[in-house]
Amino acid sequence: KKDATKVEAKKDAKEEVKKEAKEEAKKEDTKKEEAKEEVFKDIKGNWAEKLIAESKGYGIANESKEFQPEKAITRGEFAVGLVQGLNLGLGQRQSKDFKDVKDTDWYAADINIATAHEIIFGRGDGNFDPNATITRQEAFSMLARALDKQKADLAVLDQFKDNKEIDS
């Protein structure tokens, strides 16, 4: 009779462990789903929602929970997106310092990398102007130089009607 009780107790203990493991796995799955869904609070329904969520905004949102998809992008944000989106590294090149980009600025490292790769340039007065809204001309020029450095097919830019009007 004691042996039967021990066997029953072991079965109960095993069942309890299995139940706890299933509950823990379910909690982990729920956490992963919530984390995936909550990349940015403000992209739901945006035409680029999937791309933004998958790319986590390429660092443009500066670890914020808001991407602000309708907000104009700055030169600094665009530099961050290019560097992180193309996974550029500093390599052997030396970057140029800009008077208005401090080492402590959240975008500084990516601006230095993009400058070292000769993808971005300053305003000509020693400044980069990272907080200025980027123009379409500037964005296309930077993108074209980045794609060229990556030996990518620049034909991807042909989808834009005004691509011939963009200076490099």
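Being modelled with pLDDT under 85 and open to solvent by 40 Å² or more (accessible area, probe 1.4 Å) is the filter here; which residues of segment 70-88 pass it?
Selection gives Glu70, Lys71, Gln84, Leu86, Asn87.
Looking only at segment 145-168, how many residues end up being touching an Asp or Glu at 6+ places or on another chain (Cβ under 9 Å), at pLDDT below 85 and surrounded by 14 or more Cβ atoms within 10 Å (Cβ to Cβ)?
Qualifying residue count for the region: 2.
To keep it simple, each residue is scored yes or no on (1) at pLDDT below 70; (2) within 29 Å of Ala109 (Cβ to Cβ).
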position	(1), (2)
Lys1	yes, no
Lys10	no, no
Asp42	no, yes
Asn46	no, yes
Ala53	no, yes
Gly59	yes, yes
Lys65	no, yes
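Is there a residue in segment 130-140 that is of a type in the set (A, V, I, L, M), assigned to a helix (DSSP H, G or I) and either open to solvent by 90 Å² or more (accessible area, probe 1.4 Å) or modelled with pLDDT of 70 or more (or both)?
Yes; the residues of segment 130-140 include at least one that is of a type in the set (A, V, I, L, M), assigned to a helix (DSSP H, G or I) and either open to solvent by 90 Å² or more (accessible area, probe 1.4 Å) or modelled with pLDDT of 70 or more (or both).
Looking at the structure I just gave you, is Ser95 crowded, with 16+ Cβ neighbours inside 10 Å, modelled with pLDDT under 90, within 27 Å of Ile52 (Cβ to Cβ) and of a type in the set (Ser, Thr, Tyr)?
no
The values are calculated or read from the model by the stated rules, or taken from the named source; none is laboratory data. All values reported here derive from a predicted model rather than from experimental measurement. Please note: Cβ atoms are built from the backbone with ideal geometry, for glycine as well, and neighbour counts cover all protein chains shown. Protein only, heavy atoms only, side chains kept; ligands, DNA and RNA dropped before computing areas. Shrake-Rupley method; radii C 1.70, N 1.55, O 1.52, S 1.80 Å.
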